[in-house]
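The values are calculated or read from the model by the stated rules, or taken from the named source; none is laboratory data. Keep in mind the model is a prediction, meaning the values are calculated, not measured. With ideal geometry, Cβ positions are generated from the backbone for all residues, glycine too; neighbour counts draw on all protein chains shown.
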Amino acid sequence: MTHTTLSPSELESFGAEIDALLTRTKADLGERDTRYIRRVVRVQRGLEAAGRALLFASGFSPLFPVVWALGTGALAASKILENMEIGHNVLHGQYDFTNDPTLSSQTYEWDIVCPSEQWRHSHNVLHHTYTNVRGVDHDLGYRMLRVDPSQPWTPLALLQPLSTLVLGLLFQWGVAAHDIDMPKYLFRPSERTEEQREKVRELFAKAKKQLRKDYVLFPLLAGPFALHVLAGNLVANVVRNVWSFLVIFCGHFPEGTETFPPEALDGETRGGFYLRQLRGSANFEGSWLLHVASGHLSHQIEHHMFPDVPAHRYPEMAREVRAICGKYGVAYNSSSLSSQVWSVAKKIVRLAFPSAGGDATPTAA
Amino acid sequence: MLDPLSWGARLASALVYPRTLDDFVGLVAPLRSRRAHHAEVVLVRRETYDTVTLVLRPGPHFPAHRAGQHTALTLEIDGVRRTRVFSIASAEPRAGERHRTIELTIRARPSGLVTPRLTGRDARALREGDIVELGAPRGDFVLGTPVPDRLLLVSGGSGITPVMAMLRTLVARRHRGEVVFLTWAKSPRDTLFRAELDAIAKAAPLTCPGLRIAVVHGPMSEGDLAARVPDLASWEVFACGPSGMLDVVRADLRKHGDLTKLHTEQFSAPTRPPAPEGEGGEVTFARSGKTAEGRGPILPMAEGAGLRPKHGCRIGICHTCVCRKVSGTTRDTATGALSTDGDVDIRICTSEPVGPVVVDL
Ligand code: FES
């Protein structure tokens, strides 16, 4: 039988065991990790170059559909690797220990419209510190979806099966709008702050460069085959969007993940922090390739416990975390990717409607 | 104006955004990188039992050095980039010429993290063909132009390297003025460049008739300079060695020479063993000129000193508070790990000072 609360002394030793795992892993960081990330970077650059080249070549090739599909696939794979295994993880500071300026959380700019700096605020600070705390962690439904019964139902929620699909297709734009609180920015212009305006300017500047290369410059370079290249780039971006959307949604919204009232943060201990991360996150299982493609966010639980440990270490850490959880009898939410996707989909549809027992389900504790 | 080259470069940069061209150039031809200078290790030569000479071939953009200058060598040890400063020991190239290689001669500091991995019989940190990063040559410990008529080059231990660069340069130029080269070493087996010094001395009557070389074993003591160099005040002196030795040089010149003609370079920062657990220390905030003293994380100390550093979670997970540690040792409050290198990024919300620390805030 598993439960989700621990006595204060249990909580303390639970925290100490997780801390010990962290200390041990950090002490072991070194050449293996540096070599790993460099290899990923090389593969990613190679895929990107190959993808662009194949898309150019596709117009000249009698095997057009095959070459085009290969090029688009390589480009999509490169964007996925860049965003998930490189960008997201580098921006968490996972490779800051290397002192390599090209792997520094402070200077890395990733290949997606959201500026790195804004992401580091909305994601590293708000989401990772206040994970699943209602009202503080805006990743709970991204200010537009109802993903927890305690969120009030409005008629707008009826649309959410559809809006979730749209969000998936346009995911990078959702991410980009996130730190700015776009709905408020758009609909309450009188309340705009200078900081918000500055962020919008930065976002526009970056979005312009992102759009320019994928939808203007590369297509123009292809001359008569501009449309092939444009379509390939568009599809690659959308594939990346949908994949990252799936990975992120499976991290916190499957059945069994919990949300917390703001009071949960009062006097939270280290053990309490770890336990909240555990209760609010879910893993999915699969092949090695699946883990790499998800930037190892397939191990969302470990990622939330150890956000700045190189993510390729999560699978080996997960074995120990799981054992510790077993020892304390706390649930460890892990399942196949398809069952987590299914679980999230059901929840989104179910919560589109007012909850059966009114909305009195866990509000403030 | 249409400059096709710069337009080409601008187009290429726009195409690879948000990567830079250098991110790609660096992967295939690191020596051509513009972001930082790189060099290929062409030879690793054991010099004495605890020293090694690296012969490096820098990329085409590397500026020519002047004899006596140093460079920052960055290499990766156990997956972590470490930067250390070394004098360049090879001769400077002729005016307008570019050098093909430069040499660094490095002695192991027993308590060091980097140098012991480069020297000794089973040093494996660098091999021929490896690529390292180099900082542009710096330092004003250089011979003026024209070279002074009477030049006294004094060194001790591995402090010989910058003056060796000067000696090699003068010999290559067949310098005609008076030059005295004095070097102190612990023992014959500790003497660097012994064979080369012998050879230079032997050939001197033909190449540099005014050159005299002496290798002295044992410590330098007061009066040594005056005893070996007559009319000390008439010499321009370049001295490099440990701080104790430089004190002796200064004392001699004060008595018998002309201190205004002294140029010095101290070759190694004294190493400081990490202080005991939880000792705290003084933090200097270099940019604002403020200081704070105490224990525990640096972030609250900075705030106490009236600074407002960027931060987010305050518990070490978001990396918003990352800033540059210029020097000193800090301890990670969560893992207990020590950071002893200078010029590295630390999270100030979970780093506490261990002894004096300088951060760029
Ligand atoms: S403030 Fe978040 S890591 Fe220091």
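The selection criterion, being in contact with a helix residue (DSSP H, G or I) (Cβ under 9 Å, 6 or more places away or on another chain), more than 16 Å from the ligand (Cβ to nearest atom), closer than 24 Å to A:GLY256 by Cα and within 14 Å of chain B (Cβ to nearest Cβ), holds for A:VAL133.
Of all residues in the stretch A:226-248, those that are modelled with pLDDT of 95 or more have Cβ atoms under 9 Å from Cβ atoms of residues that are among the hydroxyl-bearing types (Ser, Thr, Tyr) and not in a helix (DSSP H, G or I), 6 or more apart or on another chain, in A:TRP243/A:SER294; A:SER244/A:SER294; A:LEU246/A:SER294; A:VAL247/A:SER294.
Listed residues B:SER6, B:SER13, B:SER33; which is among the hydroxyl-bearing types (Ser, Thr, Tyr), within 14 Å of another protein chain (Cβ to nearest Cβ) and out of contact with any His (no Cβ under 9 Å at 6 or more places or on another chain)? Checking each option against the conditions leaves just B:SER13.
If you go through the stretch B:84-99 one residue at a time, do you hit one that is closer than 21 Å to B:THR191 by Cβ and surrounded by fewer than 18 Cβ atoms within 10 Å (Cβ to Cβ)? Before you say what the answer is, go through the steps one by one.
The initial filter retains those residues of the stretch B:84-99 that are closer than 21 Å to B:THR191 by Cβ, namely B:86-91.
Adding the requirement that they be surrounded by fewer than 18 Cβ atoms within 10 Å (Cβ to Cβ) leaves none.
The answer is no; no qualifying residue exists.
In this entry, A:SER58 passes the filter for residues that are within 18 Å of A:ASP214 (Cβ to Cβ) and at pLDDT below 95. Take B:ALA39 and decide whether it is surrounded by fewer than 15 Cβ atoms within 10 Å (Cβ to Cβ) and either in contact (Cβ under 8 Å) with a residue 40 or more places away in the chain or within 14 Å of another protein chain (Cβ to nearest Cβ) (or both). In short, no.
Can you say whether B:THR329 is in a loop (DSSP other than H, G, I, E, B) and more than 13 Å from the ligand (Cβ to nearest atom), as far as the supplied structure shows? No. Does the stretch A:157-175 contain any residue that is free of Cβ contacts under 8 Å to residues at least 24 places away in the same chain and within 18 Å of the chain's Cα centre (by Cα)? Checked the stretch A:157-175: at least one residue is free of Cβ contacts under 8 Å to residues at least 24 places away in the same chain and within 18 Å of the chain's Cα centre (by Cα).
Here the stretch A:120-141 is the region considered, the condition is being among the hydrophobic types (A, V, I, L, M, F, W, C) and not in a loop (DSSP other than H, G, I, E, B), and the residue that is nearest to A:PHE273 (Cα to Cα) is A:VAL133. Quick check on the stretch A:109-120. Is at least one of its residues within 16 Å of the ligand (Cβ to nearest atom) and free of Cβ contacts under 8 Å to residues at least 40 places away in the same chain? Yes, the stretch A:109-120 has at least one match. Go through (1) away from the ligand (no atom under 16 Å from the Cβ); (2) within 10 Å of chain B (Cβ to nearest Cβ) one by one and return the number of the condition A:VAL43 breaks. If we test A:VAL43 against (1) away from the ligand (no atom under 16 Å from the Cβ); (2) within 10 Å of chain B (Cβ to nearest Cβ), just (2) comes out false. Confirm whether A:VAL292 is aliphatic (A, V, I, L, M) and over 27 Å from A:LEU11 (Cβ atoms). So A:VAL292 passes the test. Beta carbons closer than 7 Å, at least 6 apart along the sequence or on distinct chains, pair a first residue in the stretch B:303-324 that is closer than 18 Å to B:SER339 by Cβ and within 9 Å of chain A (Cβ to nearest Cβ) with a second that is of a type in the set (Gly, Ala, Ser) and more than 9 Å from the ligand (Cβ to nearest atom) for B:GLY316/B:ALA334; B:HIS319/A:SER105; B:VAL322/A:SER105. Would you be able to say whether some residue in the stretch A:341-361 is at pLDDT 95 or above, over 30 Å from A:THR154 (Cβ atoms) and not basic (Lys, Arg)? No; the residues of the stretch A:341-361 include none that is at pLDDT 95 or above, over 30 Å from A:THR154 (Cβ atoms) and not basic (Lys, Arg).
Restricting A:GLU48, A:GLU10, A:GLU85 to those that are acidic (Asp, Glu), surrounded by 21 or more Cβ atoms within 10 Å (Cβ to Cβ) and more than 13 Å from chain B (Cβ to nearest Cβ) reduces the list to A:GLU85.
Suppose the filter is of a type in the set (Lys, Arg), within 16 Å of A:PHE306 (Cβ to Cβ) and either part of a helix (DSSP H, G or I) or at pLDDT below 95 (or both); does A:ARG24 pass it?
Working: of a type in the set (Lys, Arg): yes; within 16 Å of A:PHE306 (Cβ to Cβ): yes; either part of a helix (DSSP H, G or I) or at pLDDT below 95 (or both): yes.
For A:ARG24, the condition - of a type in the set (Lys, Arg), within 16 Å of A:PHE306 (Cβ to Cβ) and either part of a helix (DSSP H, G or I) or at pLDDT below 95 (or both) - is met.
Scanning the stretch A:113-128 for residues that are β-branched (Val, Ile, Thr) and either within 8 Å of chain B (Cβ to nearest Cβ) or within 13 Å of the chain's Cα centre (by Cα) (or both) returns a single hit, A:VAL125. The set of residues from the stretch B:52-90 being within 14 Å of chain A (Cβ to nearest Cβ) and assigned to a strand (DSSP E or B) comprises B:ALA72, B:LEU73, B:THR74, B:LEU75, B:GLU76, B:ILE77, B:VAL80, B:ARG81, B:ARG82, B:THR83, B:ARG84.
The requirement of being facing chain B (nearest Cβ under 9 Å), surrounded by 13 or more Cβ atoms within 10 Å (Cβ to Cβ) and closer than 30 Å to A:LEU227 by Cβ is not satisfied by A:ARG32.
Restricted to helices (runs of 4 or more DSSP H) entirely inside the stretch B:138-244, those with at least 2 residues that are under 22 Å from B:ARG46 (Cβ atoms) are B:160-172, B:194-207. Checked against (1) away from every other protein chain (no Cβ under 14 Å); (2) within 16 Å of the ligand (Cβ to nearest atom), B:GLU279 passes all but condition (2).
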